[in-house]
Amino acid sequence: MTDVMNEQGLERTALPSQDRQYLPYLIVLFFGSGCAALIYEIVWFQMLQLVIGLSALSLGVLLGTYMGGMFLGSIALPRLISTKAHPLRVYALLEMGIGIIGIAVLFGMPYIDRLYIEFVGRGFAWILLRSAVCSVCLLPPTLLMGATLPTIARWVEMTPRGVSWLGFFYGGNIAGAVFGCLLAGFFLLRVFDIAIATCVAVFINIAVASAGILLASRTQYRAPVSAPLQEQPVGVHGVKLVYFVIALSGLCALGAEVVWTRLLSLLLGGTVYTFSIILAVFLIGLGIGSSAASFLIRKIDRPRMALGWCQLLLTAAIAFVAYAITHSLPYWPIDPLHSPNPWHTFLFDLLGCLAAILPAAVLWGASFPLALASVPSRGKEPGRLVGEIYAANTFGAIIGALGFSMLVIPHMGTQQAQRLMIILSGLAALGMFAPLLWPAGAHISSVRLSRIPAPRLVTALAVAGLTIVLAWNIPETPWGIAAYGRYLSTWTHRLAPGITWEEDIPTIDGKPDVYCTFFGEGMSESVVVTKRRDGVRNFHAAGKVQASSHADDMRLQRMLGHISALTHDNPRSVLVVACGAGVTAGTFVLYPSIERIVICEIEKLVPAFVAPQFERENYGVVNDPRTEVIIDDGRHFVQTTREKFDIITSDPVDPWIKGSAALYTEEYFAMCREHLNPGGVMAIWIPFYQCSPEAIKSLIATFFRVFPEGIIWSNDTFEGGYDAVLFGKAGPIQIDVDKVQQRLDSPEFLPVVQSLKEVGFQSAVNLFSTFAGYAPKLEKWVQDAQINTDRNLRLQYLAGMGANYFMSGEIFDEILLYYSFPYDIFNGSDLSILELVNAADLKY
């Protein structure tokens with residue numbers, strides 16, 4: 001390596017000895033840069049997801065634009081910025097520019113939001129518009145971010161010692177990213193909001209820029225004079241192969257992050273804290289690997305071989321992660337229900353992630369500085385050289401992130417995805433080991449297989465064989481992970497291999513009583529349908545049951561539909577956000593006045609494969625001629641459609657799941673109200689279980705802000721409450737019990753009556769006796785609640801802390817302390833009102 005690294009194609013003075021003392025300070029500056037960058041990344045992603053939606057397509061466009069900016073910045077700006085400028089001063093200006101753009105995005109996003117809504121449409125133009133929005137917001141700052149490391153490379157001579165320092169800068173940047181990820185996820189956004197988080201990041205940028213300007217004033221820099229470029233070796237002996245390998249490394253690294261985040265979020269619970277932990281562990285590994293490799297570069301004679309060994313070891317590390325996720329982590333003897341403090345659970349989650357993915361992340365982190373040391377620097381301006389390596393790695397990362405999330409997982413599954421990562425890592429290793437197979441200077445096309453020495457050929461075959469064996473033995477992803485998540489171990493003895501959903505469940509004693517009838521890994525989420533021996537079917541997503549044919553769940557799902565339809569005088573159009581088992585949407589099929597049912601579902605597997613398995617319960621709603629299924633994020637559809645509805649129901653996943661809080665914000669509820677026709681109603685599902693009192697207060701108080709006469713209807717089959725329906729109307733709420741009963745008594749409503757009786761409601765009085773709370777009476781209870789808004793998404797942070805709590809009884813008891821029958825809401829004959837009062841009072 002010494003011969004390669006000391007060939008300088010640029011005639012320049014080595015860094016003065018008096019200036020070398022400032023090199024450690026640059027690590028601190030890069031730490032600050034990384035911290036600010038991750039805060040921005042989390043904040044910008046959260047802001048833009050509210051604009052363009054949370055669908056897989058939106059996230060793909062978002063991530064591709066973000067990383068594309070880094071790629072372009074690392075390639076373009078070192079070519080555009082003169083080498084005569086002091087690198088530290090340029091670096092300071094880049095950081096200042098990032099901070100200015102950060103403020104601009106914060107204050108400019110509302111205008112971008114309005115502009116986007118004005119022109120959004122369907123089809124390819126829609127995708128282009130999303131891309132344009134992301135480009136406007138993300139390309140300017142990410143271009144600057146991508147240029148920071150290449151810029152500093154101009155100040156560090158391209159010797160083994162200099163490349164080592166560049167590796168340390170890269171490691172410091174990653175260490176700062178870890179801190180920024182945890183700071184934003186666990187503190188800034190949990191306690192404050194995106195404005196405060198942005199201001200913190202801007203302050204860090206300003207501090208880093210100021211320090212950069214100060215260092216520039218105290219150090220010397222003389223622009224290098226270019227020497228004549230010499231022809232670079234080509235083929236396997238040239239830089240092209242190193243670029244190809246580091247691109248493959250970036251591809252596999254980001255592909256792995258996508259795959260493992262999908263699986264680990266199921267195992268650990270998909271809260272915002274889980275995602276922060278997974279990302280932080282991944283970054284910790286990259287930082288450790290980069291720092292270790294940077295330290296060893298000065299002592300390594302053949303960095304390309306070291307880079308090859310990293311890729312070879314990655315084949316085993318990826319296989320280890322697959323084994324840990326499927327056969328180890330799900331069965332750790334940890335029950336989060338027994339932990340009185342969520343921070344204890346977070347600690348065990350952190351340990352689990354470290355045990356599983358840290359080795360692989362370390363190897364990927366080591367690959368970048370080793371690749372940098374593997375490229376001859378003769379004739380190359382340092383900034384451009386570093387920029388090219390960084391760009392190759394980032395370009396691979398873009399392909400990995402987009403390809404695995406949008407193509408590989410949906411079409412091949414996570415098992416095949418991990419096999420592909422092993423094969424690509426093995427291919428990268430062979431690429432670096434290839435020079436062992438033929439004499440130096442020989443081109444690959446001139447080497448015959450028969451002339452390759454047997455030991456070298458055996459080595460190559462061994463690498464290929466190991467790769468194939470490891471890839472072949474990747475375990476199948478258990479459907480139980482997607483179905484039960486972190487509670488899989490308590491269900492293991494009850495699970496059985498899958499069957500097709502048309503088959504009957506065997507009833508022989510001693511057989512497992514839960515069978516998988518469908519398991520699919522889609523773009524947005526993994527979904528499972530199971531069938532129990534008693535005939536109950538369950539739809540699972542996010543590692544838990546989301547809907548089922550069990551009597552108690554059927555009751556809630558039909559309450560969402562029937563209460564909405566019966567309290568509206570003449571409903572004609574319905575929007576159902578989140579398809580689930582289709583039971584809520586199916587209730588509207590029974591109403592003769594309904595002319596249009598729109599189901600908005602983010603994962604296409606759900607209406608295509610899940611809902612048909614509940615056809616009896618949902619009355620075949622997906623195939624009903626009045627139904628239109630739209631695959632999109634529900635919030636994005638409501639925000640961009642011009643259509644208005646008589647009824648909007650929303651049955652999204654639990655509020656503690658990352659991203660779902662966007663469907664519970666004050667702004668979202670206001671958008672829904674604006675999309676209601678006069679007299680229109682809205683109903684949403686809320687869980688009392690797996691939530692803290694603070695989270696439920698936040699959810700209810702936010703809804704009541706928009707619907708100040710809102711009602712809580714309780715699904716109180718379980719003693720002490722379980723879940724409920726929040727109900728609001730575009731206008732004053734008046735419910736005529738006798739009028740509703742008259743509709744139920746008419747012949748055309750016979751299917752509706754039968755549907756209600758199946759879940760225990762014999763009359764209108766029975767249905768409305770589920771009344772449990774009224775907004776004006778609950779004002780005192782929610783007066784200290786934190787309102788969930790687009791700027792803070794507070795609910796997902798509050799709910800994430802209580803994701804393992806089962807306090808439904810305590811929460812419902814608090815609500816009932818304010819219970820009193822609302823005579824001003826219900827109208828009807830004295831007898832009907834008396835029956836309703838008695839029925840409701842009897843419950844509570």
- Extension gain (nm, one decimal) between Asp830 and Asp745, 0.36 nm per residue minus Cα-Cα: 28.7 nm
- Message: I need the GluC sites (Glu not before Pro) found in region 742-844, filtered to DSSP loop residues with at most 15 other beta carbons within 10 Å of theirs.
- Response: Glu779
- One finds, for Arg616 and Asp552 with R0 = 22 angstrom and r their Cβ-Cβ distance, a FRET efficiency to the nearest 0.05 of 0.80
- Task: Set the Förster radius R0 to 51 Å, insert the Cβ-Cβ distance between Asn623 and Asn838 as r into 1/(1 + (r/R0)^6), and round the FRET efficiency to 0.05.
- Result: 0.75
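Residue separation times 0.36 nm, minus the C-alpha to C-alpha distance between Ala460 and Leu347: what's the value?
36.5 nm
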- Query: Among Ala565, His327, Ala355, whose Cα sits farthest toward the positive end of the charge dipole of the chain (+1 at Cβ of Lys/Arg, -1 at Cβ of Asp/Glu, about the Cα centre)?
  - Reply: Ala355
- Message: Can you give me the angle between helix 830-843 and the longest principal axis of the chain, using Cα atoms only, in degrees from 0 to 90, rounded to the nearest 10?
- Response: 50 degrees
- Message: Amide H of Ile825 versus every other amide H placed in the peptide plane: which residues, excluding those fewer than 5 positions away on the same chain, fall under 5 Å?
- Response: none
- Note on the structure: Each label sits 7 Å from Cα toward the beta-carbon; between Ser820 and Asn473 the label points are separated, in nm, by 7.2 nm
- To the nearest 20 debye, what is the magnitude of the charge dipole of region 543-640 about its Cα centre, counting +1 on the Cβ of each Lys and Arg and -1 on the Cβ of each Asp and Glu? 100 debye
- Query: Expressed in nm to one decimal, what extension gain is obtained for the pair Phe295 and Arg642 from 0.36 nm per residue of sequence separation less their Cα-Cα distance?
  - Reply: 119.0 nm
- Item | Label-zone membership for region 612-652, site Ile117, 7 angstrom Cα→C-beta point, backbone N under 12 Å | 636-642
- Please identify which residues in region 186-200 have an amide N closer than 19 Å to a label point set 7 Å out from the Cα of Ile787, following the Cα→Cβ vector. 190-196
- Query: Which of the trypsin sites (Lys or Arg not before Pro) found in region 745-791 are in a DSSP loop and have at most 11 neighbouring Cβ atoms, other than their own, within 10 Å?
  - Reply: Lys780
- Message: If you count only protein heavy atoms and use a 1.4 Å probe, how large is the accessible surface of Arg642, to the nearest 10 Å²?
- Response: 150 Å²
- Could you go through region 459-467 in sequence order and give the Karplus-derived ³J(HN,Hα) for each residue, using 6.51 cos²θ - 1.76 cosθ + 1.60 with θ = phi - 60°, rounded to whole Hz, and x for Gly and Pro? 4, 5, 5, 5, 4, 5, x, 4, 4
- Given a 1.4 Å probe and the protein chains all in place, what does the accessible area of Ser593 round to, in Å² to the nearest 10? 30 Å²
- Task: Tell me which residues come under 5 Å, amide H to amide H, from Asp790 once H is placed; ignore anything under 5 positions away on its chain.
- Result: Glu666, Glu667
- Separation between the Val545 and Phe107 pseudo-spin-labels, each 7 Å from Cα along Cα→Cβ, expressed in nm? 5.2 nm
- Query: Relative to the Cα centre, what is the charge dipole magnitude of the chain, using +1 at the beta carbon of each Lys and Arg, -1 at the beta carbon of each Asp and Glu, and rounding to the nearest 20 debye?
  - Reply: 4000 debye
- Query: Modelled label-to-label distance, Tyr331 and Ser593, 7 Å Cα→beta-carbon offset: nm?
  - Reply: 5.8 nm
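The values are calculated or read from the model by the stated rules, or taken from the named source; none is laboratory data. Only a predicted model underlies this, so the values are computations on that prediction, with no experimental measurement involved. Positions of Cβ are generated from backbone atoms using ideal geometry, with glycine treated the same way; all protein chains shown enter the neighbour counts. Quick note on the areas: whole protein, heavy atoms, side chains included, nothing else; ligands and nucleic acids left out. Shrake-Rupley method; radii C 1.70, N 1.55, O 1.52, S 1.80 Å.
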